[in-house]
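Inspection log for the structure reproduced underneath, given as structure tokens.
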Amino acid sequence: MSRAIELIIEKQQHLGFLSPEVPPEVWSRHRQQPKLRLGVLASGSGSNFEAIAQAIADGVLNAEITQLVYNNPEAKAGDRADRWGIPKQLLNHREFPSREALDDAIVAAMQQQQVDWIIMAGWMRIVTARLINAFPNRVLNIHPSLLPSFRGAHATEQALAAGVKVTGCTVHQVALAVDSGPIVIQAAVPILPGDTPATLHARIQHQEHQIYPRAIALAASGVWDEG
Ligand code: GRF
């Protein structure tokens, strides 16, 4: 790769083509509402979980993460919860006989904490009606593509293989079909010459961290439901 292309990639590493802002009226409505109680589900690194914690610490998001539920003992998200002093609970999917049984345990944990919204932040399990019906229209997910393109576990690889020039990330309400459900916010991200799944995912993640707190405020403010 030429140095010129490297420089373009460096400069545009964190560039989003379109990273929508939430209007000030939505923020003011959000901040006048009671503090949201969020329960976060994460399976891996937890950078989105931390971005939400940071937005709360910065006073951007009027919320509290009441607990992190994670399903892999090695998930870095668990370490992040410790650093932030956020209670965490391991529900290891391997110890449950079915997806429904895992979801019942999640619902019980979240209801016990009186959680308002479930925030899936890199939750690598397919959720069932048990979870969705217990929190109707109150489960959000983030996915590293512009849905409905590139559903599933390898969205960045799929985007590169398809040769598209723009991809991005989507926050959406969770429905039964994987990576479907009404879209709350999307950000578009360029694919640059020489991108690998890792460089592209890093650029997408930068946008994910911007849009997830905004999507929570937007969805919870009720403005979004009003269309
Ligand atoms: C994100 O890219 C998200 O879109 C996908 O899983 C990844 C989780 O990243 N669902 P992190 O664990 O929040 O760093």
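The values are calculated or read from the model by the stated rules, or taken from the named source; none is laboratory data. Keep in mind that this is a model prediction, so the values were computed, not measured. Methodologically, a virtual Cβ is constructed for each residue, glycine included, from the backbone with ideal geometry; neighbour enumeration extends over all protein chains shown.
Annotations for the structure displayed:
- Among the residues of the stretch 16-43, those that are buried (at least 22 other Cβ atoms within 10 Å of the Cβ) and within 16 Å of the ligand (Cβ to nearest atom) comprise L38, G39, V40, L41, A42.
- Unmet criterion (only one of (1) under 19 Å from L90 (Cα atoms); (2) at pLDDT below 95) for M120: (2)
To keep it simple, each residue is scored yes or no on (1) farther than 22 Å from Q173 by Cβ; (2) away from the ligand (no atom under 16 Å from the Cβ); (3) crowded, with 22+ Cβ neighbours inside 10 Å.
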residue: S45; (1), (2), (3): yes, no, no
residue: A57; (1), (2), (3): yes, yes, no
residue: A81; (1), (2), (3): yes, no, yes
residue: I86; (1), (2), (3): yes, no, no
residue: A101; (1), (2), (3): yes, yes, no
residue: V107; (1), (2), (3): no, yes, no
residue: Q112; (1), (2), (3): yes, yes, no
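- Within the stretch 147-164, the set of residues being in a loop (DSSP other than H, G, I, E, B) and either under 30 Å from R37 (Cβ atoms) or hydroxyl-bearing (S, T, Y) (or both) comprises L147, S149, R151, A153.
- Residues of the stretch 148-164 that turn out to be away from the ligand (no atom under 14 Å from the Cβ) and either under 30 Å from W117 (Cα atoms) or at pLDDT below 95 (or both), as a count: 1
- Single condition P73 does not satisfy, out of (1) within 16 Å of the ligand (Cβ to nearest atom); (2) part of a strand (DSSP E or B): (2)
- Summed over the stretch 165-216, residues that are outside any strand (DSSP E or B), away from the ligand (no atom under 11 Å from the Cβ), touching a residue at least 60 places away in the same chain (Cβ under 8 Å) and of a type in the set (A, V, I, L, M) total 3.
- Residue that is nearest to V184 (Cα to Cα) [pool: residues in the stretch 114-146 that are in a helix (DSSP H, G or I) and touching a residue at least 24 places away in the same chain (Cβ under 8 Å)]: I132
- When each of W117, W123 is tested for being away from the ligand (no atom under 15 Å from the Cβ) and not hydroxyl-bearing (S, T, Y), the lone residue that passes is W117.
- The residue pairs whose first member lies in the stretch 74-102 and is more than 14 Å from M124 (Cβ to Cβ), whose second member is charged (D, E, K, R), and whose beta carbons are closer than 7 Å, counting only pairs six or more residues apart or on different chains, are G78/K88; R80/E50; A81/K88; E100/R130.
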